[in-house]
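Here is the structure we will look at.
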Amino acid sequence: MAKKIEKPASPKTKKTRAAPTRAAMAPPSGAAPDGRILDRLWGTILTRADASPNESHSARLLSRGTEKVAQKFGEEAVECVIEAVAGHKTALIGESADVLYHLMVMWVNAGLRPDEVWTELHRREGMSGIAEKAARKQSLTGFPTKKIP
C-alpha cells in the first residue's frame with residue numbers, strides 16, 4: 001500500500017475559526033449590563049454637547065465640526081476591524097465601545113436620534129439581509145453610490 005503524502009497548506013489558505021455556539025452568544029440575563037446603557041450614553045453625550053470643549057470630550061469633538069467627528073468615527077471603526085481580524089477579543093470589546101460612543105456623537109452632530117435608527121432596524125427585522133439590500137438598490141436607481149458592492 002502506497003503511503004499518502006500530504007501537501008503543505010497553501011499560503012493563500014484562509015484560516016477559519018469555530019463559530020461561537022448560540023448559547024455563548026445569547027443575551028445576558030440577570031444583573032448583567034444591557035442595552036439600556038446606550039440610552040444613558042446618549043443622554044450623557046447630549047448633556048455634554050454644550051459643555052466647554054476643555055471639560056468634555058464630546059463637546060470637543062462636536063466643536064471641531066462634521067468632518068472631524070466623522071473622521072474620528074472612521075478611525076475607531078478601523079481599529080475595531082483590526083482587532084476583530086487579529087482575534088483580540090478583549091481589545092475588540094474596547095474598540096466596539098469606542099465605535100458606539102463615536103457613532104452616537106456623529107448622530108448628535110447630524111441631528112439624528114437613536115429612535116430613528118431603532119425604527120429603521122425594526123423595519124428591517126425579520127427580513128433577509130440579501131433581500132433588504134436588493135430592495136434598497138432598486139429604490140436608489142439613478143442615484144450614484146460610493147459604497148463598495
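The values are calculated or read from the model by the stated rules, or taken from the named source; none is laboratory data. Computed from a predicted model, the values in this text were never measured in an experiment. Positions of Cβ are generated from backbone atoms using ideal geometry, with glycine treated the same way; all protein chains shown enter the neighbour counts.
Could you tell me whether residue 65 is modelled with pLDDT under 95 and at positive phi? Considered against the rule, which asks whether it is modelled with pLDDT under 95 and at positive phi, residue 65 comes out as no. In region 30-50, of all residues being among the small types (Gly, Ala, Ser) and over 15 Å from residue 109 (Cβ atoms), the one that is surrounded by the most Cβ atoms within 10 Å (Cβ to Cβ) corresponds to 43.
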